[in-house]
Amino acid sequence: MKIAIVKPGIPMEIVLNKESRRKTPVIVAIKGKDREFGEAAISRSSKIPSQSYMYLRELVGKSLNNPVVEQYLKRFPYYKLKSDAHTNELVFDHDSETNYTVEELLAMILKKAREYATDFAEQSVDAAVITVPPYFTQTERRAIKRACELANIKLLQLMNDNTAVALNYGIFRRKDFNSTGSTYLFYDMGSQSTTCTIATYNVVKTKENGYVEEVPQLTIKSVAFDRDLGGLEFQIRLRDYLAKKFHEHHPNIDLFQNSKALTKLFREAERAKNVLSANNEYTAQVEGLIDEIDFKHRITREQFEHLCEDLFQRVKRPIEEVLNTTGITLVRIRRYM
């Protein structure tokens, strides 16, 4: 997640976390009374994977029998999820005495986000605008609102994240637009989903307090998305491939029955994904993956692309959909972002 603050006289600043980074992993690791967030939580997740909660966004507002939840448990089989007997809310079975709803976990993360913002701004921050995917339903949006209430954060507005991207782009480029209008295409592949948006910018005249003023105007023409296409799915493909290669040498060991080993392999898969995006090969290796057995395997970019061939084929579909919906051709688009 990224956090931004707006202060008097300053349009917007990106908040840096305690590692001085602009982006913070959305994860909370809980052990006893201790809670870790961001990079610290990722480090701890290898030791307590079933109590380190991540990729929660797609679980918001879902019931236990939802296909999205079934896919989540397939990806991360060490989590224990159930339905609350009274509210039917999705609940993580943390230990024998404690359960957490998805909203409660998100509220913990939102509290930490506000803490980062407060420290950065050097003054209290108690209100926020939060971005959500454009495909979020009213049920999912109400769940985000409940998480804000639990975090004691005043929710000013829920904004579609694709709209926020287009708005942010336009705010700092007002001089680039005129009355004839300009068309832009925004493509965003995130960790869990992909969104494509066609937006237009033009300048309109408004009259206020007796004065005519030209102001920029943003219009979202079309949005398309694939809510299952993101960096996570590529990483899962790599993790499962590496687990298969380990199993070929150790057929009596099932890594999917060992949460710590699976988490180690998941983190190594992320490193492999990042390296293969710029290099032709990578040697994945994990010391002491399980039962003091070291793992090492070389994978090429060609193998990676073959593993994810169907995913790569889906990359262009949101673009095709927004173009078909609007009837706009590629030559009319001024810039691709």
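Summary of values
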{"quantity": "Positive-pole candidate from 193, 45, 63, dipole of the chain, charges at beta carbon", "calculated": "193"}
{"quantity": "Total charge dipole magnitude, the stretch 231-312, about the Cα centre, Cβ charges on Lys, Arg, Asp, Glu only, Debye to nearest 20", "calculated": "180 debye"}
{"quantity": "Karplus-derived HN-Hα couplings along the stretch 176-193 (A = 6.51, B = -1.76, C = 1.60, θ = phi - 60°), whole Hz, x at Gly and Pro", "calculated": "7, 9, 9, 5, 6, x, 10, 10, 10, 10, 10, 10, 10, 9, x, 6, 10, 8"}
{"quantity": "Net charge over other residues, Cβ less than 14 angstrom from the Cβ of residue 178 (K, R count +1; D, E count -1)", "calculated": "+3"}
{"quantity": "When each of 74/221; 18/260; 31/145 is checked by Cα-Cα distance, pairs over 31 Å", "calculated": "74/221"}
{"quantity": "Proxy reagent accessibility, fewest Cβ within 10 Å first, across 43, 96", "calculated": "96, 43"}
{"quantity": "Helix axis angle, 102-121 relative to the chain longest principal axis, alpha carbon, degrees", "calculated": "60 degrees"}
{"quantity": "Value of Rg to Rh for the chain (Rh from inverse mean 1/r over Cα pairs, i.e. Kirkwood)", "calculated": "1.00"}
{"quantity": "Of 297, 253, 231, farthest towards positive along the dipole that unit charges on Lys, Arg, Asp, Glu beta carbons give the stretch 231-312", "calculated": "231"}
{"quantity": "Between the stretch 1-69 and the stretch 141-169, the Cα center-to-center distance that results, in Å", "calculated": "15 Å"}
{"quantity": "Centre separation in Å (Cα based) which lies between the stretch 108-133 and the stretch 233-308", "calculated": "36 Å"}
{"quantity": "In the stretch 138-223, trypsin sites (Lys or Arg not before Pro) in a DSSP loop with at most 15 other beta-carbon atoms within 10 Å", "calculated": "173"}
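Rule-based calculations on the coordinates, nothing more; no lab input. Note that the structure is a prediction, hence the values are computed from the model and not measured. No Cβ is skipped: glycine too gets one built from the backbone with ideal geometry, and neighbour counts run over all protein chains shown.
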